[in-house]
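Peer 1: Here you go, one structure.
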Amino acid sequence: MPFPYFLMAGLISLATGCDMATTVDNTLVAEVKAKDADIATIHPENWPQQTSPFERNKAEEQRIKALISRMSVEEKVGQIIQGDIGSITPDEVRKYHLGSVLNGGNSAPKDDNRITPAAWVALADKFWLASTDKTGGRTGIPTLWGTDAVHGHNNIVGATIFPHNIGLGAANNPNLMYQIGTVTAKEILVTGLDWTFAPTIAVVRDDRWGRTYESYSEDPVIVKQYAGYLVEGIQGKLSDSTFLDDDHLIATAKHFLGDGGTINGRDQGDNISSEEELRDIQGAGYSVAINRGVQSVMASFNSWHGRKMHAYKELLDDVLVDQMGFDGFVVGDWNGHGQVEGCTNESCAAAFNNGLDMFMAPDSWQELYANTLAQVKSGEIKMARLDQAVSRILRVKLRAGLFDAGLPSERKYAGRYELLAAPQHRKIARQAVRQSLVLLKNDKQLLPISPSAHILVAGDGADNMGKQTGGWTLSWQGTGNSKQHFPNGMSIYDGIAQQVKAAGGTATLSEQGEYKHKPDVAVVVFGENPYAEFLGDRAHLDFQSEDGLKLLKKFKSQAIPTVAVFLSGRPMWVNPEINASDAFVAAWLPGTEAGGVADVLLRKANGDVQYDFHGRLSFSWPRTGSQTEVNVGDKDYNPLFAYGYGLKYADKVSLGVLSEDAQLGDMAGAQSNNFLKAGEPLLPWRLTMRDAGGTVQVTSSRANSASGVLIMKALDYRAQEDSRLFTFSGDAVLSIEGEPIDIARESNADMALELQYQVVGDKVANTTLGVGCGEGCTGELDITKGLASKLNQGWQVSRLKLSCFADKGTDMTMVDAPFVLTVTGALQLQLSAVHIVSNQGDARCSL
């Protein structure tokens, strides 16, 4: 990144208090282009040059030509469009000849994310029968079903859930990656699906990114090494007869290109690195994946110097295909084509003409189909380009044996539900957990613990399967999961209790750290709550949760030795927690086989060591909460724990007392002043519904109030499920709540509460919006007329001065509910974001 532009970005952010990424996206990129156009120019000849690992099969090529010659233009257009199972039926797949379907993170048969595996097979049969119907002269090409199986077959109840990639990177075991790939493929095949959107081979440079845990390392060396092993595990090897045989399926290298290097770690943001950095860091894994035969590459949401990847011909075509020898097809990401300049979700010839072979159009597929068909007929999309894309898709389907595979339910592994979390699969996952753990501190050699001891296991993560599996697990954000949803899984407490009981010790579970008899040692399990893309983005890396710290301090004051087990999707600043503990373990997001944690923390019954710590940091650990970009090889590299750090039991290292100054500076207020983002409350805030029946806390993408008069569901606005539609049919209150914060300074500074929303439907009932400050303390504004004036007028951005709420009685020094919407009747309100912003001159006391 050129220094002057980086410096300017920082100065703009500090001077205005705006989101730096937004500032850079809207102004700085234009300046970069104007000052130095060459920095944003791709030179394909400078990228790795390799030939395709495939020798085209003559019989297959003839078959492709024959199919193309028979297909109508309607069938060809259908092949290049993928719809989500939540928005398309088998009959529509038949009618529109769709080449592919997917299940998004919150899509499942019968709209039930926790439905039985048998329902997946049954629906796969219906889609296959619909697509292969040859009546009426149809060509009958089988459809591909793609799924985000990113750490095991993570959408299926009972499947083996592996540690997220960040933990696997710490394990630094390429052969284990191959085994994980083979297990994941087999369990996907059990449910009759054909294709996984994995592996993710992003190289993360700013750990604020909400997808940091999907990356194996900040070091492209590890990512490059892993890419080939995972592709071969999923697809089989080109070097033998296993490639895309009955034990394997189609893999995807994603996201091409630069997703891990955006400004501020902003999801779907802009990457302004040099071409060399884009190639050597972000692109490191792709040449390997291509050489091992990966059949699909997913285009990335992000931009490079302001230009969206979904229509970046020089990269999608000139580099990926022509220079690097990719011989599969390029698929888009969730309506990513709609972000291309001049495009919408429903129409984007530019993306297709510039290298995208298959649109991922989950809920926009029908309109996109009609518009794309019209663009082909008008000549805006050339028939030669359409035939090229369709040929690429057909070639992959033929290589995968899809034409001859038959009904999904009749394939080799389909319906063999005993293979989900089979003993051998769990054994591999447990090994992955053991090897992913990183020991950061072990004062007085507290670890390993004798299993004959009296052990207290505390913290909100101790017996929390949802927390230890993280995002992309059964639901998109990983929320709404409980222990019952993991029938084959083991919590961290379960693993400890099992071994302690067998050795004659005692293990007591108390989330709040209560006990009758003083324990010999306390294991405190805490960390981040589940999140995924968008919602996982952070303003800084200060953990800022007191729950674990309070327990650690409590035990320390009672002279109870403590082991901290930290669950997180990224390295975070937790110096107070490290200081308060005797031993500190970075456990990442271990998945369902957390017995592997006990394997390392506990000795054998005879006192011998079971397993020493194996993991080494694949991400540098921040020295401060504001040190968000700290990567091995940086010029002024100064982390708290360096890349590759990790103690063994024999290591006698004293950390001393670490600084407890997070040094957040201007970042300090950023987290608490953002209340709702992409439809979801940001930590530490929570979303609640109240009606006459009581209070309901919202923990998933769909929810009903206690008496059912308020219904919420997730909808797409600019990206996948990035807004929430709230339908009121009676008296109810919708609020964002949390621990009290002091925003008197913001109120006095004339700042505003900004809402991004639209009002739909037929009616607008009496509605007030308040800011709450405890029981009996809420300043309210009547917004009924403002909402009515915007009924069915599309998306709106409104700013209400904070001082207006103060004037109505809100104590701004103790705000615990920054958004309180009270409705007495019928209203449909779709919300995307709620946060505090500077008053841009248009803030008022009404909408």
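The values are calculated or read from the model by the stated rules, or taken from the named source; none is laboratory data. Only a predicted model underlies this, so the values are computations on that prediction, with no experimental measurement involved. A quick note on method: Cβ atoms are made from the backbone with ideal geometry, for glycine too, and the neighbour counts reach across all protein chains shown. Just the protein is used for accessible areas: all its heavy atoms, side chains included, with ligands, DNA and RNA removed. Shrake-Rupley method; radii C 1.70, N 1.55, O 1.52, S 1.80 Å.
Peer 1: To the nearest 20 Debye, how big is the dipole of region 271-334 about its Cα centre, given +1 on the beta carbon of each Lys and Arg and -1 on that of each Asp and Glu?
Peer 2: It comes to approximately 200 debye.
Peer 1: Could you report region 316-355's accessible area per residue, 1.4 Å probe, as an integer in Å²?
Peer 2: I get 26 Å² per residue for region 316-355.
Peer 1: Let me have the 222 nm mean residue ellipticity of the chain computed from DSSP H runs of 4+ only, each contributing -39500 (n - 2.57), with the sum over all residues rounded to the nearest 500.
Peer 2: On the way: 23 runs with 222 residues, N = 847.
Rounded to the nearest 500, it is -7500 deg cm²/dmol.
Peer 1: Okay, next question. On a 30 Å Cα-Cα criterion, which of the cross-link pairs Lys518/Lys604; Lys254/Lys713; Lys224/Lys635; Lys126/Lys308; Lys377/Lys713 come out too long?
Peer 2: Beyond 30 Å: Lys126/Lys308; Lys377/Lys713.
Peer 1: At 1.4 Å probe size, with every protein chain present, just tell me what the per residue accessible area of region 215-271 comes to in Å².
Peer 2: About 25 Å² of surface per residue is accessible.
Peer 1: For all pairs of alpha-carbon atoms in region 432-486, what percent lies in each bin of width 10 Å, listed from the first bin to the last filled one?
Peer 2: 18, 36, 32, 14, 0
Peer 1: Order of 697-709, 259-271, 304-316 by packing, highest average Cβ count within 10 Å first? Spell out each step's value before the answer.
Peer 2: On the way: 697-709: 17.6, 259-271: 24.8, 304-316: 23.1.
In decreasing order of mean packing, 697-709, 259-271, 304-316 become 259-271, 304-316, 697-709.
Peer 1: Out of residues 5 or more away from Thr473 or on other chains, whose amide H comes under 5 Å of its own, with H placed 1.01 Å from N in the peptide plane?
Peer 2: So Thr473 has HN proximity to Gly478.
Peer 1: Which ³J(HN,Hα) values, rounded to whole Hz and listed in residue order, are derived for region 301-316 from phi using the Karplus coefficients 6.51, -1.76 and 1.60 in 6.51 cos²θ - 1.76 cosθ + 1.60 with θ = phi - 60°, glycine and proline given as x?
Peer 2: 5, 6, 9, 10, 6, x, 10, 5, 5, 5, 9, 9, 4, 4, 9, 5
Peer 1: Farthest toward the dipole's positive end in region 336-478, which of Gly466, Phe352, Ala400, given Cβ charges of +1 (Lys, Arg) and -1 (Asp, Glu) about the Cα centre?
Peer 2: Going by the Cα projections, it comes out as Ala400.
Peer 1: Report, by chain and number, residues whose modeled amide H sits under 5 Å from the one on Phe613, excluding near sequence neighbours (fewer than 5 apart, same chain).
Peer 2: Tyr649
Peer 1: Give the relative contact order (percent, whole number) for region 55-201; include only Cα pairs under 8 Å separated by 6+ residues. Mind dumping the intermediate values first?
Peer 2: Details: 200 pairs, mean separation 31.9, N = 147.
Reported as a whole number, the value is 22 percent.
Peer 1: Also, I was wondering about something else. Suppose every K and R has +1 on its Cβ and every D and E has -1 on its Cβ; what is the size of the dipole of region 388-477 about the Cα centre, in Debye to the nearest 20?
Peer 2: Values: 14 positive and 6 negative charges, 99 e Å.
Dipole magnitude for region 388-477 comes out near 480 debye.
Peer 1: Let me ask something additional. Would you mind telling me the share, in percent, of accessible area of the chain contributed by carbon and sulfur at probe 1.4 angstrom? Let's see the in-between values first.
Peer 2: On the way: 14390 of 30110 Å².
Result for the chain: 48 percent of the exposed heavy-atom area is carbon or sulfur.
Peer 1: Going by amide H atoms built from the backbone, whose H comes under 5 Å of the H on Phe641, apart from near neighbours?
Peer 2: Counting only residues 5 or more places away or on other chains, the set is Trp621.
Peer 1: Probe of 1.4 angstrom, ligands and nucleic acids ignored: what's the accessible area per residue over region 670-802, in square angstrom? The partial results should precede the final answer.
Peer 2: Values: 5660 Å² over 133 residues.
Solvent-accessible surface per residue comes out at 43 Å².
Peer 1: From the backbone phi of region 418-429, what are the Karplus-calculated ³J(HN,Hα) couplings (6.51 cos²θ - 1.76 cosθ + 1.60, θ = phi - 60°) in whole Hz, Gly and Pro given as x?
Peer 2: 5, 7, 5, 6, 4, x, 5, 5, 5, 4, 5, 5
Peer 1: Just from the alpha-carbon atoms, what are the Rg and Dmax of region 671-803 in angstroms?
Peer 2: 14.9, 40
Peer 1: Students often get this wrong: which residues of region 247-290 have the backbone nitrogen under 15 Å from the point 7 angstrom along Cα-to-C-beta of His43?
Peer 2: So the set is 274-280.
Peer 1: Okay, next question. Determine, for each peptide in 833-845, 388-400, the mean count of other beta carbons within 10 angstrom over its residues, then list the peptides with the highest first.
Peer 2: By packing density, highest mean first, the sequence is 388-400, 833-845.
Peer 1: For the charge dipole of the chain, defined by +1 on Lys and Arg C-beta atoms and -1 on Asp and Glu C-beta atoms about the Cα centroid, which residue among Thr41, Val190, Ala384 has the Cα displaced farthest towards the positive pole?
Peer 2: So the residue furthest toward the plus end is Val190.
Peer 1: Mind listing the phi-derived Karplus ³J(HN,Hα) values for region 535-542, rounded to whole Hz, using 6.51, -1.76 and 1.60 with θ = phi - 60°, and x for any glycine or proline?
Peer 2: Result, ordered by residue: 6, x, 4, 10, 7, 7, 10, 6 Hz.
Peer 1: Report the charge-dipole magnitude of the chain in Debye, nearest 20, computed about the Cα centre from +1 at each Lys and Arg Cβ and -1 at each Asp and Glu Cβ. Walk me through the numbers on the way to the answer.
Peer 2: Working: 77 positive and 100 negative charges, 354 e Å.
It comes to approximately 1700 debye.
Peer 1: Moving to a separate point now. Given that compact globular proteins tend to follow 2.2 N^0.38 Å, what is the ratio of the alpha-carbon Rg of region 722-763 to that value? Intermediate values should be presented prior to the final figure.
Peer 2: Details: Rg = 14.8 Å, N = 42, 2.2 N^0.38 = 9.1 Å.
Dividing the Cα Rg of region 722-763 by 2.2 N^0.38 Å gives 1.63.
Peer 1: Name the residue from Gln758, Pro639, Ile201 whose Cα lies farthest towards the positive end of the charge dipole of the chain, charges +1 on Cβ of Lys and Arg and -1 on Cβ of Asp and Glu.
Peer 2: Positive-end residue among those listed: Ile201.
Peer 1: Under the Kirkwood approximation for Rh and a Cα-based Rg, what ratio Rg/Rh is obtained for region 672-726? All intermediate terms of the calculation are to be shown ahead of the outcome.
Peer 2: On the way: Rg = 11.6 Å, Rh = 11.7 Å.
When Rh is taken as the Kirkwood radius, the ratio is 0.99.
Peer 1: Given 37 °C and 0.692 mPa s, how large is the Stokes-Einstein diffusion coefficient of region 350-462 in µm²/s, with Rh as the Kirkwood radius over Cα pairs? If you can, show how the numbers build up before the last one.
Peer 2: On the way: Rh = 20.8 Å.
Calculated translational D: 158 µm²/s.
Peer 1: For the chain, what's the relative contact order in percent, using C-alpha pairs closer than 8 Å and at least 6 residues apart? Present the calculation step by step, with values, prior to reporting the outcome.
Peer 2: Values: 2100 pairs, mean separation 95.3, N = 847.
Normalised by residue count, the contact order of the chain is 11 percent.
Peer 1: Also: Taking only C-alpha pairs under 8 Å that are 6+ residues apart, what is the relative contact order of region 227-323 in percent?
Peer 2: Once divided by the residue count of region 227-323, the mean separation gives 31 percent.
Peer 1: Ranked from highest to lowest mean number of other Cβ atoms within 10 Å per residue, what is the order of the peptides 533-541, 786-794, 632-640? If you can, show how the numbers build up before the last one.
Peer 2: Working: 533-541: 25.4, 786-794: 14.6, 632-640: 12.7.
Ranking the peptides 533-541, 786-794, 632-640 by packing returns 533-541, 786-794, 632-640.
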